[in-house]
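Before any comments, here is the structure.
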Amino acid sequence: MALTTSRNGSPGRLDPGVAASGATAGDAASLGEAFLATVEARGNAPAILDDALAVALTWREYGAQARRAATGLAALGLRRGDTLGLLLTNRPEFHVADAGVLLLGATPFSMYEETR
């Protein structure tokens, strides 16, 4: 998955068919590309653990869910260079949404509710 740009450099469209094949996270030009390279390299290794320290998502599952989130966010109008505030608890869905924003070339802004 990659965000394409037009000839004039304006944000383009999300292309879920494009992968970071062969690239390493260190070679990536963006955080989204680094994420995809890590997904490709780590595959079925644990990526996110739940509160009981059991595997909630493998890297492959994390990548697939982040791609779906990015596609949905793009359909809602989020584009490269935009900023999106996320107000979620610390749970797997938070990380999926965060990565989905990065895949679009947008900037996630995390907000946390203070509980007492």
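The values are calculated or read from the model by the stated rules, or taken from the named source; none is laboratory data. This structure is a prediction, so every number in the text was calculated from the model and none was measured. Cβ: placed from backbone, ideal geometry, glycine included. Neighbour counts: every protein chain shown.
Observations
- Thr58 of a type in the set (Ser, Thr, Tyr) and over 29 Å from Thr115 (Cα atoms): yes
- Within the range 98-116, the set of residues being in a strand (DSSP E or B) and loosely packed, with under 11 Cβ neighbours inside 10 Å comprises just one member, Met111.
Every residue, every condition in (1) crowded, with 16+ Cβ neighbours inside 10 Å; (2) of a type in the set (S, T, N, Q); (3) assigned to a loop (DSSP other than H, G, I, E, B); (4) at pLDDT 95 or above, yes or no:
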{"site": "Leu57", "(1), (2), (3), (4)": "yes, no, no, yes"}
{"site": "Arg60", "(1), (2), (3), (4)": "no, no, no, yes"}
{"site": "Gln65", "(1), (2), (3), (4)": "yes, yes, no, yes"}
{"site": "Ala69", "(1), (2), (3), (4)": "yes, no, no, yes"}
{"site": "Leu84", "(1), (2), (3), (4)": "yes, no, no, yes"}
{"site": "Val96", "(1), (2), (3), (4)": "yes, no, no, yes"}
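- Restricting the first member to the range 26-44 and to residues that are more than 13 Å from Gly100 (Cβ to Cβ), and the second to residues that are among the basic types (Lys, Arg), the beta-carbon pairs closer than 6 Å and six or more apart or on different chains are Gly43/Arg60; Asn44/Arg60.
- Whenever a residue of the range 71-95 is farther than 22 Å from Glu61 by Cβ, its partners that are in a loop (DSSP other than H, G, I, E, B) and modelled with pLDDT under 95, lying with C-beta atoms within less than 7 angstrom and at least six residues away or across chains, give the pairs Leu87/Glu113.
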